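A.B. asks: Structure below; questions to follow.
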Amino acid sequence: MKMKSIMMAAAACVLVAGAVPTGVHAADRTPTYAAYIVDPSGKEMGTATFVAIDTGGVLVRIDTVGLTPGKHGMHIHETGSCNALVDTTGKSTAFGAAGGHFDPQGTTHHAGPAGVGHSGDLPNITASDTGHARTTFFTDRLSLREGPTSILGRAIIIHANEDNYTDEPVNGGSGARVECGEIGPLRS
């Protein structure tokens, strides 16, 4: 019975660790930055935490509620603002002040988290029947250190629809911006 408990605990650790590079210890995974995710009315819905990995890259953990059931596209956007943007015709876009997808390499392509497109593409997140979504993943395309791939001072956006990771329709068809968080220091 004791061996079974140890094996179950080990399996749980593997699931939580995700695709983290080898040699990274649990003590090295303390969140260092966060985005407090809000809906368009400003109501806090969840949190995204970001941990710099010594070997390079970022471990990302997201836990949020209030989404429609199913898959939703997620992206890092250029500007760390979750304000609406009103265009010259008076049309307001929720979280529009976050700008476009973060593309430090200037690829102008939308090709998914492992593709040759912009670095702002993140994996889709799946919301349960109750609207709760939780995921943990590693990306070596982004950084929390100074430099062109740094996501500090940017925003994470969750979209209404699944991202198909192509340029058509625009931005993979992920649709409206439904949740947003400004990436910065953890609250004290």
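Only the coordinates and a few stated rules stand behind these numbers; no lab work does. Quick caveat: nothing in here was measured; it's all calculated off a predicted structure. Don't worry about glycine lacking a Cβ; one is built from the backbone with ideal geometry, like all the others, and counts go over all protein chains shown.
A.B. asks: Which of the strands (runs of 3 or more DSSP E) found entirely inside region 131-188 contain at least 2 residues meeting this: out of contact with any Asp or Glu (no Cβ under 8 Å at 6 or more places or on another chain) and buried (at least 19 other Cβ atoms within 10 Å of the Cβ)? Explain how you work it out, then say what you get.
C.D. replies: On the way: elements: 133-139, 155-159, 177-185.
Of the strands (runs of 3 or more DSSP E) lying wholly inside region 131-188, those with at least 2 residues that are out of contact with any Asp or Glu (no Cβ under 8 Å at 6 or more places or on another chain) and buried (at least 19 other Cβ atoms within 10 Å of the Cβ) span 155-159, 177-185.
A.B. asks: Looking for whichever is under 24 Å from Asn171 (Cα atoms) and either assigned to a strand (DSSP E or B) or not hydroxyl-bearing (Ser, Thr, Tyr) (or both) here; the options are Thr89, Thr79, Thr107, Thr47. Which one fits? Let's see the steps before the verdict.
C.D. replies: Details: Thr89 fails: either assigned to a strand (DSSP E or B) or not hydroxyl-bearing (Ser, Thr, Tyr) (or both); Thr79 fails: either assigned to a strand (DSSP E or B) or not hydroxyl-bearing (Ser, Thr, Tyr) (or both); Thr107 fails: either assigned to a strand (DSSP E or B) or not hydroxyl-bearing (Ser, Thr, Tyr) (or both).
So the residue among Thr89, Thr79, Thr107, Thr47 that is under 24 Å from Asn171 (Cα atoms) and either assigned to a strand (DSSP E or B) or not hydroxyl-bearing (Ser, Thr, Tyr) (or both) is Thr47.
A.B. asks: Another question, if that's okay. I need a count of the residues in region 67-76 that are assigned to a loop (DSSP other than H, G, I, E, B) and over 19 Å from Ser41 (Cβ atoms).
C.D. replies: Applying the first criterion (assigned to a loop (DSSP other than H, G, I, E, B)) to region 67-76 yields 67-69.
So of that shortlist, the ones also over 19 Å from Ser41 (Cβ atoms) come out as 69.
Of the residues in that region, 1 qualify.
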